[in-house]
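Every read-out reported here was derived from the displayed coordinates using simple, explicitly stated rules and does not represent laboratory data. This is a predicted model, so every value here is computed, not measured. Virtual Cβ from ideal backbone geometry, glycine too; neighbours counted across all protein chains shown.
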Number of protein chains: 2
Amino acid sequence: MSHYQKLVQHTLKIANFNHLAAISGWDQAAVMPSGGNQARSNAMAELSVLLHQLNTEPQLGDWFAQAEQESLNHREQASLREMKQRWQQANVLPQDLVQAKSLAGSKCEHAWRTQRKNNDWQGYAKNWQEVVNLSQQEAQIRAEANNSNNKDTNCTPYDAMLSLYEPGTTTQSLDVVFNNVKTWLPNLIDSVIDQQAQQTIIQPQGPFSTAKQKELGLEIMTLLQFDFNHGRLDESVHPFCGGVPTDVRITTRYDEADFMQALMGVVHETGHARYEQGLPKQFAGLPVGEARSMGIHESQSLFFEMQLGRSPEFIQHLSNMAASSFSGHNDAAFSQQNFQKLYTRVEKGFIRVDADELTYPAHVILRYEIERDLINGKIGYQDIPELWDQKMQDYLGISTKDNYQNGCMQDIHWTDGAFGYFPSYTLGAMYAAQFMASMKQSVDVSAAIQSSNLAPIFNWLESNIWSQGSLYNTDDLVTKATGEVLNAEHFKRHLETRYLR
Amino acid sequence: MSHYQKLVQHTLKIANFNHLAAISGWDQAAVMPSGGNQARSNAMAELSVLLHQLNTEPQLGDWFAQAEQESLNHREQASLREMKQRWQQANVLPQDLVQAKSLAGSKCEHAWRTQRKNNDWQGYAKNWQEVVNLSQQEAQIRAEANNSNNKDTNCTPYDAMLSLYEPGTTTQSLDVVFNNVKTWLPNLIDSVIDQQAQQTIIQPQGPFSTAKQKELGLEIMTLLQFDFNHGRLDESVHPFCGGVPTDVRITTRYDEADFMQALMGVVHETGHARYEQGLPKQFAGLPVGEARSMGIHESQSLFFEMQLGRSPEFIQHLSNMAASSFSGHNDAAFSQQNFQKLYTRVEKGFIRVDADELTYPAHVILRYEIERDLINGKIGYQDIPELWDQKMQDYLGISTKDNYQNGCMQDIHWTDGAFGYFPSYTLGAMYAAQFMASMKQSVDVSAAIQSSNLAPIFNWLESNIWSQGSLYNTDDLVTKATGEVLNAEHFKRHLETRYLR
């Protein structure tokens, strides 16, 4: 057996255990009674120890060195590259740093759940400075490793964290696109809010039973060609897309007073799910057969939610289906026009997760700029509240002075040191806009949606994105699909077309 | 760390992986879409390989030898005894025999699914003789090991198989109780059928919606004090009780034409579940903290289903609750008297899983006598159809001549070589009757059920059975609880009291 084949076998073994971790994790979030949590956490921790052992087995370094000398075809070379990157990321950190960060992160996150409610920045900062410190060490080590592996790059500490979620994307390229967005977004937001001030909107009046909402969600998933032979819809407190590509588990959360959020949440998660379901089956269990990056994953969920789901033609379907599910309700509230207004309402707010399509990038760029400078050591953790307030004023015109709970303490990401993740959200939104612009050159998207046969749209995504897995780096994937690398102009044009009248 | 402590740690590690196997198995049966099956089966097979490695690690033999020299208290000694028995059972067979039996069993079981429908005994026998042959080899090796471990016993091959499910129970003791049953059961069945011939019974008329049946099942589980903080009710094709003691997953199957079977199925599985939920928490994850045997497990489900569930007082609750769930139906069908008749109807039939309380033991004794003689080499596999026919005529007065599909080909157990399991069903029924007889000496069972506060009943089971785990062998457990070892007279008296008027 070649060393490449040995690596493939070992990686498939790891995939089998990751499968069990994914299903146990879904179970814990979606169906497990709370009394089962302690034993489940123990079992999942045991599995993590095993996975760490498998990912760091000493002979792997030798196998990679040998495999790189073997004669491999193009796809095998891509597969080897992805396996090696995974292995390097799992092995580069000293074990005591991994454990220290995990402990400090758990401690900080646990206390944060109370401290946030109490607006207790001082208490939070006491735990968090250790998380920041350890994350800076992690970033430094990862950057050095990246630089010694590739003499042509100059990887900064933050670049190294970014590459955990967006391999190939650099601070340099992000600065270009995000600086572009910053030149037009604040003015666009103001103009749109001005225009919308005159709108009359009718809020549909509930209650909307969970059972009916679930039926409606399943109906939408059917329209979106979700494969129910390879997946399910369930409920959880925090909606997510989990499971494995052969069995994708999406969840939503129902509010009997408002069905519209859960409904669009299902559309969003179905985007993630169809990407997973459409990944190349010949590479099942191998990194090269997995999603390209968090940003590309988010591009699919946001393609479904924003590009497809908020198009006038799709909203026509949504409003028809919702009206027939919740008959007896005020007709005007269920009109296409009213749904369109509800689903494109723009408001300036403090909270990222509640933000609309137009203000969301402002929240992300703010976090990107702060975490970039924090991890690169240009600012300290104690500088953040003031920077946050200043950037909120610059980008959205609202102040978070002394309002830590709705400012820099609002997100879970930083509490355990997940620095480098935030850009993915807005990268996803931008890629989605670019994919739609490119798709429209060959597909009559509007006609496809109107006809309720969305296959031409999904065929484009499947052949250009889903079936490509991680065969190409992000720039190549996007260039093959759209003829150019990431270009923020598509996003700008999309927002102006949708929001400016 | 003492060697005993090392063994405990290793066993808890195994328990963590068994936890993942239990939850993945539940998921596969209860919620997994069918397209996920191949990848799931691969993942679970990988986990089995790991568990086999952990159960057969070479240093364990030394650890057991050392631990037996260490100073241990009574409970630790019991824990060590149970860990060692588990280890011996996992290590005694040569690996090639385990694999050969697994392969032959899978092949036979797979073909059986079609062969049974076609009444194809010849085709079945071709695969099955290999399963029998390998099972005989397995039994021989296990018996020799048992005899060399304990010079005082004379363990037959069948005894060795029996001890996998009923450790401590021997052919000798089973022959005594089953021969006792055979002296009175056939006549009792005839008398009861004669008496019931005059009965008028009304079948409740459906449809009964799945949603309402599920609500009713949850209501009954609440009455039975199922702990929903540590368990769930779901659906599956074959009802079972799975999961782990901190998170017990029971399932049922709904038929909209008939709610009564699913309802009593829920009562049965709740009996299994409460045993699991009541196991001693200080031994969680250790064999000594697990259920004593399959027969004792079945004694709890049958205590719930037969002793408690079919008592006139409990049936009064069932009929009231069902009538209020399915209001609008014919009142007479939902009377206590009619429910009692429906739930105690006796009929001679071919199929064990469809048998009633009274005829069920005949099916089990027949299988026991045949598998005992087959594994001990006193008969050959080709003798079975004739023996089956003859015993069916002797015990139930019906013939299975040339009717293999409803005769010796009806059960899945033998297809993959699970010889020694069948006695557990009737042992469970007998233990349940004995527990009830003993409980009635200190608990006013009838009053407890009538009052809807069943705590006194469950307290007796919890302190005498559930909380004892595997601290004692079965004879000692039963003697501590009831003052004597298994005594078939209690079962006889129970059946006569219930069925003879």
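In this structure the amide hydrogen of residue A:231, modeled in the peptide plane, comes within under 5 Å of the amide hydrogens of A:248, none closer than 5 places in sequence on its chain. Copy B relates to copy A by a rotation, and the B residue whose beta-carbon is nearest that axis, with the distance in whole angstrom, is B:20, 3. Computing FRET efficiency as 1/(1 + (r/R0)^6) for residue B:489 and residue B:450, where r is the C-beta to C-beta distance and R0 is 41 Å, gives about 0.90. Under a 5 Å amide H to amide H cut-off, with H placed in plane at 1.01 Å, what residues pair with residue A:255 once short-range neighbours are removed? The list, which skips near neighbours in sequence, is A:262. Based on Cα atoms of segment A:1-91, Rg over Rh with Rh as the Kirkwood radius reads 1.11. Across the options B:225, B:131, B:309, the greatest Cα extent toward the positive end of the charge dipole of chain B (unit charges at beta carbon of Lys, Arg, Asp, Glu) belongs to B:225.
The spacing between segment B:188-226 and segment A:242-259, judged by their C-alpha centroids, is 37 Å.
With contacts taken as Cα pairs under 8 Å and at least 6 residues apart, segment B:1-91 reaches a relative contact order of 48 percent. A simple spin-label model places the labels of residue A:443 and residue A:473 2.8 nm from each other, with each point 7 Å out along Cα-to-Cβ. I need the shape label for segment B:31-154. Rule: rounded when a/c is under 1.5, else prolate if a/b > b/c, else oblate, with a, b, c from the alpha carbon gyration tensor. Because a/c hits 1.5 or more and a/b fails to exceed b/c, segment B:31-154 counts as oblate. DSSP assigns beta bridges within chain B; of those with both partners inside it, close to 50 percent run antiparallel. Using a cutoff of 8 angstrom between alpha carbon atoms and counting only pairs six or more residues apart, the relative contact order for segment B:353-490 works out to 19 percent.
Of the DSSP beta bridges with both residues in the protein assembly as shown, give the percent that are antiparallel, rounding to the nearest 5. Among the beta bridges of the protein assembly as shown, antiparallel pairing accounts for roughly 50 percent.
Distance between the pseudo-spin-label points of residue B:55 and residue B:38 (7 Å out from Cα toward the beta carbon): 2.8 nm.
Taking label positions 7 Å along the Cα-Cβ direction at both residue A:13 and residue A:119, the computed distance is 5.6 nm, reported to one decimal.
Pairwise inverse Cα distances across segment A:271-322, averaged and inverted, put the Kirkwood hydrodynamic radius at 12.3 Å. Evaluate E = 1/(1 + (r/R0)^6) for residue A:459 and residue B:383, where r is the Cβ-Cβ distance and R0 equals 60 Å; express this FRET efficiency to the nearest 0.05. Using R0 = 60 Å, I get an efficiency of 0.45. Among B:219, A:68, A:276, the order by Cβ neighbours within 10 angstrom, fewest to most, reads A:68, B:219, A:276. Taking 0.36 nm per residue of separation and subtracting the Cα-Cα distance, full extension of the segment from residue B:103 to residue B:81 would add 4.8 nm.
Which entries of B:341/B:492; B:182/B:391; A:151/A:378 have Cα-Cα distances beyond 22 Å here? From the list (B:341/B:492; B:182/B:391; A:151/A:378), the Cα-Cα distance tops 22 Å for A:151/A:378.
Expressed per residue, the C-alpha convex hull volume of the protein assembly as shown stands at 202 Å³.
Would you mind listing the distances between the residue B:34 label point and the same position in each other copy? Use 7 Å along Cα-to-C-beta, nm, one decimal, shortest first. Spelled out, the distances from residue B:34's label point are 3.9 nm. Counted as membrane-span-like here are DSSP H helices of chain B whose alpha-carbon atoms extend 27 Å or more along the helix's own axis and whose Kyte-Doolittle mean is -1.0 or above; these are B:3-30, B:171-196.
D by Stokes-Einstein for segment A:125-203, Kirkwood Rh over Cα pairs, 25 °C, 0.890 mPa s: 154 µm²/s. Loop-located chymotrypsin sites (Phe, Trp or Tyr not before Pro) in segment B:49-93 (DSSP state other than H, G, I, E, B) with a sparse environment of at most 13 neighbouring Cβ atoms within 10 Å are absent. When only the Cβ of Lys, Arg, Asp and Glu is charged (+1, +1, -1, -1), the dipole of chain A relative to its Cα centre reaches about 240 debye.
Couplings 3J(HN,Hα) of segment A:347-355, computed from phi: 9, 7, x, 7, 9, 4, 5, 9, 6 Hz, in residue order, whole Hz [Karplus 6.51 cos²θ - 1.76 cosθ + 1.60, θ = phi - 60°; x for Gly and Pro].
Taking the label point 7 Å along Cα→Cβ, residue A:345 and its counterparts in the other copies are spaced 5.9 nm apart, in ascending order.
Remark: label point of residue A:103 defined 7 Å out from Cα along the Cα-Cβ vector; separations to the same position in other copies 5.0 nm, ascending. Each part gets one Cα centre, and for segment A:363-427 versus segment B:435-501 those centres are 65 Å apart. For segment A:345-453, applying the loop criterion from DSSP together with a ceiling of 14 other beta carbons within 10 Å to the GluC sites (Glu not before Pro) yields A:347. Close amide H partners of residue B:310, meaning residues 5 or more places away or on another chain with modelled amide H under 5 Å apart, do not exist here.
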